[in-house]
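See structure below.
The values are calculated or read from the model by the stated rules, or taken from the named source; none is laboratory data. Given the structure is predicted, the values throughout are model-derived calculations rather than measurements. Using ideal geometry, Cβ is built from the backbone for each residue, glycine included, and neighbour counts are taken over all protein chains shown.
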Amino acid sequence: MTGRLYLDTAAAAPVRREALEAAWPYLAGAFGNPSSHHEFGRGPAEALTDARARVAKVLGTRATDITFTSGGTEADNLAIIGMALGARTQSRAQAQGRAGTVAPPRRHIVTSPIEHEAVLASVEFLTRVHGFTVTEVAPASDGTVTPEALTAAIRPDTVLVSLGYANNEIGTVADIPTLARLAHEDGVLFHTDAVQAAGWLPLSGLGADALTLAGHKVGAPKGIGVAAIRARVPVEPLIHGGGQESGRRSGTENVALAVAFATALELAEAERVEAAARVRAIRDEFIAAVLAAVPGAFLTGSPDARTPNHASFCFPDTSGEAVLLELERLGVTASSGSACAVGSDEASHVLTALGIDAEVAQTSVRFTFPASITDEQGRRASEMLTTAASRLTQRYA
Ligand SMILES: Cc1ncc(COP(=O)(O)O)c(C=O)c1O
């Protein structure tokens, strides 16, 4: 695979050697259970505490807010279902304590139709099984949820708002501090899925009650994620058992992957400002070259407020699948959108929610650059795409 250009880091970023090296002692010699009170448990317990503190520092939050999970999907489930049910349990308890004086539990959730499946399916579960209601705020055609639209959607019975920080398919970045503040003004909890923002956008000072991350987007191995949920917010756990992770997620902790995650996140954060500026310039040139070279191509998502490594297009005059195949032949790997739903040939729910015709949405191609991309590689990607497009245009003409 040497020489191939990998432009699908939104699906998985290359694993960092430092993350693996940091994890290795806890996969090999230091095998003890971090809950054990004897000598063998001590090292893993300290490593876990340290990893939690390091993640909290990057997020500008407290170590007690951090729950390690199996990935982004579980983190989203825990944040959304955990906080919604936690608030309900709390208000029931209050009602029992002070009969007649407490407002009925809030059971309305606000989200948007362009969220990741992990968010949408968690909300759907709450509506189907627990009788919550939901409002999906319609985003603008570039994927932006405006403050006005959010304010209009919040009701007196809204318990939680969940809006993504950076969209995985179209790269659009939300103004989380403003949206979180609006939710708080109405006493509503705010969650943001920051899986695609990590390593590219600031993760601290956002003002969210809960923020979720996945390790394999920042250079940790797959199978680790984080739900950072303020410790004072009641959370109903999804996994029950021995009470690990402050009772929020039972089960023996994956010490090695927690350490790998902390290491990868710290490195991604240390490189972030420099990488974002450099990659944004390469990405902008790539977008301009593609739009100039491919007849009918258009950018999806916001031209300005987007993650610096993200370029996504529809190619209505060709076929997205054909573009990808031709690029594969030329040594460039991209993707047709999200890799997060298994075996789906359907048009993207994100693009159709933005008003793009289902047939056109099926021609979408997403390029997400690694932080290591060079100017020369960026130019090569543009050239290859131009070559692929001209071969296909001849074929489709
Ligand atoms: C925005 C977003 N949220 C959640 C997830 C799910 O994360 P995981 O694959 O770790 O379960 C992804 C995966 O790509 C994602 O892009």
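Taken together, the residues in segment 114-148 that are small (Gly, Ala, Ser) and within 16 Å of the ligand (Cβ to nearest atom) amount to 4.
Here is a yes/no grid of residues against (1) without any contact (Cβ under 8 Å) to a residue 12 or more places away in the chain; (2) part of a helix (DSSP H, G or I); (3) under 16 Å from the mean Cα position of the chain (by Cα); (4) within 16 Å of the ligand (Cβ to nearest atom):
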residue	(1), (2), (3), (4)
51	no, yes, no, no
56	no, yes, no, no
64	no, yes, no, no
75	no, yes, yes, yes
87	no, yes, no, no
104	no, no, no, no
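If you check 191, 216 for being within 16 Å of the ligand (Cβ to nearest atom), in contact (Cβ under 8 Å) with a residue 60 or more places away in the chain, within 24 Å of residue 349 (Cα to Cα) and in a helix (DSSP H, G or I), only one passes: 216. Applying the condition of being more than 16 Å from the ligand (Cβ to nearest atom) and in a loop (DSSP other than H, G, I, E, B) to segment 149-188 and asking which residue is nearest to residue 81 (Cα to Cα) yields 188.
Out of the residues in segment 203-213 meeting the condition of being more than 10 Å from the ligand (Cβ to nearest atom) and in contact (Cβ under 8 Å) with a residue 60 or more places away in the chain, tell me which one is farthest from residue 271 (Cα to Cα).
209
Yes or no, residue by residue, for (1) within 16 Å of the ligand (Cβ to nearest atom); (2) at pLDDT 95 or above:
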| residue | (1), (2) |
| --- | --- |
| 255 | no, yes |
| 276 | no, yes |
| 303 | no, yes |
| 307 | yes, yes |
| 322 | no, no |
| 342 | yes, no |
| 366 | yes, yes |
